[in-house]
Amino acid sequence: MAPVAQVPATDSGEKSRASAGTLSDKRLRELFREMLLIRRFEEKVEERFRAGDLPGFLHVAIGQEAVASGVCEALEPDDVIASTHRAHAHTIAKGTPVNAIMAEMYGKNEGCSQGYGGSMHLYDVARGNMGANAVVGGGLPQIAGAALAFKLRKEPRVAVAFFGDGATNTGAFHESMNLAQLWKLPVLFVLENNGWAESTPATQQLPLAVEEMGQRAAAYGMTAMEVDGQDLEAVVEATRSARDHAVSGLGPVFMNVRTYRFTGHYVGDPQVYRDKSEVRQLRETQDPLELLRARLGMTGEEFERIDADVMAEVDGSVAFAQAGTDPDPQDALKWVYAEGSMEHGSKEPLSTEPRA
Amino acid sequence: MPELTYREAVRDALSQAMRGDDRIFMMGEDIAEMGGSMGVTTGMVAEFGSERIRNTPISEIAIVGAGIGAAIQGMLPVVEIMYEDFLTISMEQLVNQAAKHRTMSGGQIKVPLTVRTQGGAGWSPGAQHAQQLESWFVHVPGLKVVFASTPEDVRGLLWSSIYDPNPVIFFEHRTLYPIKGEVPDEIVPIPLGKARVHLEGTDVTVIATGRLVHESLRAAEEAEQDGISVEVVDPRTLSPLDSETLIASVRKTTRCVTAHEAVVQGGFGAELAAVIQHGAFDYLDAPIERVGAQFAPLAFAPVMENFCVPHAANVLAAIHRTLARA
Ligand SMILES: Cc1ncc(C[n+]2csc(CCOP(=O)(O)OP(=O)(O)O)c2C)c(N)n1
Ligand SMILES: [Mg+2]
């Protein structure tokens, strides 16, 4: 059986959160700002949805910000990700400006998917975001394929699949894990293990305890890591070592990232299936922003300053989106097929094009 | 002009494309040393190596999904699904992923993936190894669907499919692999969306795909004995469809039979009939006749299988029915 790397320790509690600390204070503050931007962006999305401004089906990742920010911090710009129905945090962390994401939420031409995708289909291929997937598990085999392309071309890049605990019950997950390990593909399988699949708790959908989910990797002989997903530095450190492992040809890494969903499954979810006190307690003890703030010894004044700055950016994104242009209805037909030919012998390295 | 079998023609297109283009690789079950369950890729692993001719685990979701991901990242993957019956397992990746990425991303993504598969009756495998499911994919915007019936066509169409910037589901028919036919010295790419008129005629148009192209040509020969002039047209690409050529043919002949091996109900013939009645309504002298398999999971016993799937005689009977109308 492959070694199960314990990088870093996963035991909950403050002790394990005294992280290794290779990130500078300055960088940590930037990442704090990014996590707060994700939080405020998603709170704004909830607000605008409830106000009847936003169409569609929305899922926020409030409580899980350190996973998105921590993983993407450890990636190189050429690395690619595939996201899920809970896509805003990953997309922001991979570098897409909130203006383009908010405009997408409003279905505008200026959106990161030009109004064709919506909340569950945020794309930014130029920034290495191969797209968010509304089919649970749907992106995983494609991440294996992207990694295969990198491997065949001997490019030092990794492909990262984000997915939830619910997704580990799909055939797509198991086939992708198996193939990636068999072919030693440079994939990071990032399990955002929040213990819920919609309303179904882990105990009703997982045959293993949430802490034991690394065993799914062991079944494939894959290196697994246990990661505290509320600790930004822990996520960064773990992802860095996972990336080193994958990019050096040793094969994929499975990261069991323990995290918590502070909100409903979707915006508007009355959460009849769980106790209000559970959520309150999680917010009090497991908030990744509060934990990082304490770690940084951030004063109230500094926080207020960052928050005001972030709020201005989020409010700006709403104004940007509202001022955006609506697509022509008939443009719905515009991208069904690509024109032209891939041309025999062409050395064009990528089939992806910059956005028009 | 050299003569190749349909099987050799597929292999020739794959090999010639791979020789000059590092972006192309293949994956599928048993395609390496064994050459695939139909022997199509025999010898290719020796020439191209196991990095480019990749045996996969039995993972139809991952085979197609990894093909999509590699295609998005600049490769031109050709994946093989051993039997088209097993496309059912890949369905999610084909329908929700390959077909939709381009639109959902607002045009940021191309998926130049070719999914080769094969199927068809005539050898009594029972109900799970002989279906013809091509019409399902015609229903999906974003996919192209090709079904080649001759060595020349299969070679030229496969070449175009590999280089098409969209996902193409490429159907081969099992019983056609051994048939021989002349092919041009050099590969001549056949554009997707162009029908082929195999036989010109004046009394009735038979629009046929796959094995039924050959059955229809046999039926046409027999009809000629009775003085009936049959035009046989193979759309070759089912999506996008060359409706212009088909409509022009029926406007000329005023009668139409559709013929495929798949079951009639919900089959591609229904789409053809709709296209023809709309484009040639004022010209039609008889209702469009549809030929296809019986509406039943294919039974094993050869006599039952033979009863279920259509043959030249069924096409001929349909031709006579259209002509029986004044
Ligand atoms: C294949 C599929 N089945 C069901 C759904 C409906 N659905 C959307 S999210 C979800 C729960 C997913 O749980 P998990 O993977 O743990 O992700 P989380 O929502 O916790 O982030 C379900 C059942 C879906 N989108 N896709
Ligand atoms: Mg979950």
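Taken together, the values in this text are just the output of simple stated rules run on the coordinates, not laboratory data. Bear in mind the structure is a predicted one, so any value in this text is a computation, not a measurement. All Cβ positions, glycine included, derive from the backbone under ideal geometry; neighbour counts span all protein chains shown.
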Requested in this report: For every helix of n ≥ 4 consecutive DSSP H residues, a contribution of -39,500 (n - 2.57) applies; sum these over chain A, divide by its total residues, and give [θ] at 222 nm rounded to the nearest 500 deg cm²/dmol.
Outcome: -12000 deg cm²/dmol
Report task. Compute the distribution of all C-alpha to C-alpha distances in the range B:3-182, in bins of 10 Å from 0, and list the percent of pairs in each, rounded to whole numbers. Result -> 10, 41, 38, 10, 0
Query raised in the report: What's the center-to-center distance, using Cα atoms, between the range B:43-80 and the range A:89-104 in Å?
Result: 33
Query raised in the report: Convex hull over the alpha-carbon atoms of chain B: what's its volume per residue in Å³?
Result: 127
Query raised in the report: Per residue of A:128-135, how many C-beta atoms from partner chains lie within 10 Å of its own C-beta, taken as a mean?
Result: 4
Query raised in the report: Across peptide A:173-180, how many C-beta atoms of other chains are within 10 Å of each residue C-beta, on average?
Result: 5
Requested in this report: Give me the distance between the Cα centres of the range B:165-223 and the range A:277-350, rounded to whole Å.
Outcome: 51
Query raised in the report: So, in nm, how far is label B:H278 from label A:A219 when the simple model puts each one 7 Å beyond its Cα toward the Cβ?
Result: 4.7
Report summary line: Restricted to chain A, the DSSP antiparallel beta bridge percent, nearest 5, is 10
Requested in this report: Compute the distribution of all C-alpha to C-alpha distances in the protein assembly as shown, in bins of 20 Å from 0, and list the percent of pairs in each, rounded to whole numbers.
Outcome: 18, 45, 28, 9, 1
Query raised in the report: Taking the C-alpha atoms of the range B:268-326, how large are the radius of gyration and the largest Cα-Cα span, Dmax, in Å?
Result: 14.2, 44
Requested in this report: Binning at 5 Å from 0, report for the range B:177-275 what percent of all alpha-carbon pair distances ends up in each bin.
Outcome: 3, 13, 22, 24, 19, 12, 6, 1, 0
Query raised in the report: Using a Gaussian network model of chain A with C-alpha springs under 10 Å, which one of A:S241, A:S176, A:S341 is most mobile by mean-square fluctuation?
Result: A:S341
Query raised in the report: Whose amide H sits under 5 Å from the amide H of B:I24, counting only residues 5 or more places off or on another chain, with H placed in the peptide plane?
Result: B:L76
Query raised in the report: What is chain A's relative contact order, in percent, from Cα pairs under 8 angstrom and six or more apart in sequence?
Result: 24
Query - Length added when fully stretched, A:K154-A:D307, from 0.36 nm per residue minus Cα-Cα - result: 50.8 nm
Query raised in the report: Ranked by Cβ crowding within 10 angstrom, fewest neighbours first, how are B:V145, A:V267 ordered?
Result: A:V267, B:V145
Report task. List, in the order given, every pair from A:K108/B:K194; A:K154/B:K110; A:K44/A:K108 whose Cα-Cα distance in the structure shown is over 27 Å. Result -> A:K108/B:K194
Query raised in the report: Over the range A:188-257, what number does the Rg to Rh ratio reach, with both radii from the alpha-carbon atoms and Rh per Kirkwood?
Result: 1.00
Report summary line: Taking a ≥ b ≥ c as the square roots of the Cα gyration tensor eigenvalues, with a/c under 1.5 meaning rounded and otherwise prolate when a/b beats b/c or oblate if not, the range B:95-173 comes out oblate
Query raised in the report: Is the shape of chain A rounded, prolate or oblate, going by the alpha carbon gyration tensor and its root eigenvalues a ≥ b ≥ c, with a/c under 1.5 for rounded and a/b larger than b/c for prolate?
Result: rounded
Query raised in the report: What is the mean number of Cβ atoms from other protein chains located within 10 Å of the Cβ atom of each residue in peptide B:79-85, rounded to a whole number?
Result: 0
Report task. Please give the per residue volume of the convex hull enclosing the alpha carbon atoms of the range A:218-356, rounded to a whole number of Å³. Result -> 278
Query raised in the report: Which loop trypsin sites (Lys or Arg not before Pro) in the range A:127-234, with loop taken from DSSP, have no more than 16 other Cβ atoms within 10 angstrom of their Cβ?
Result: A:R153, A:K154, A:K184
Query - Relative contact order (percent, whole number), chain B, Cα cutoff 8 Å, 6+ residue spacing - result: 16
Report summary line: Projected area averaged over all directions for the convex hull of the alpha carbon atoms of the range A:118-185, nm², comes out at 4.8
Requested in this report: Determine, from the Cβ-Cβ distance of A:E43 and A:E343 and an R0 of 51 Å, the FRET efficiency 1/(1 + (r/R0)^6), rounded to the nearest 0.05.
Outcome: 0.60
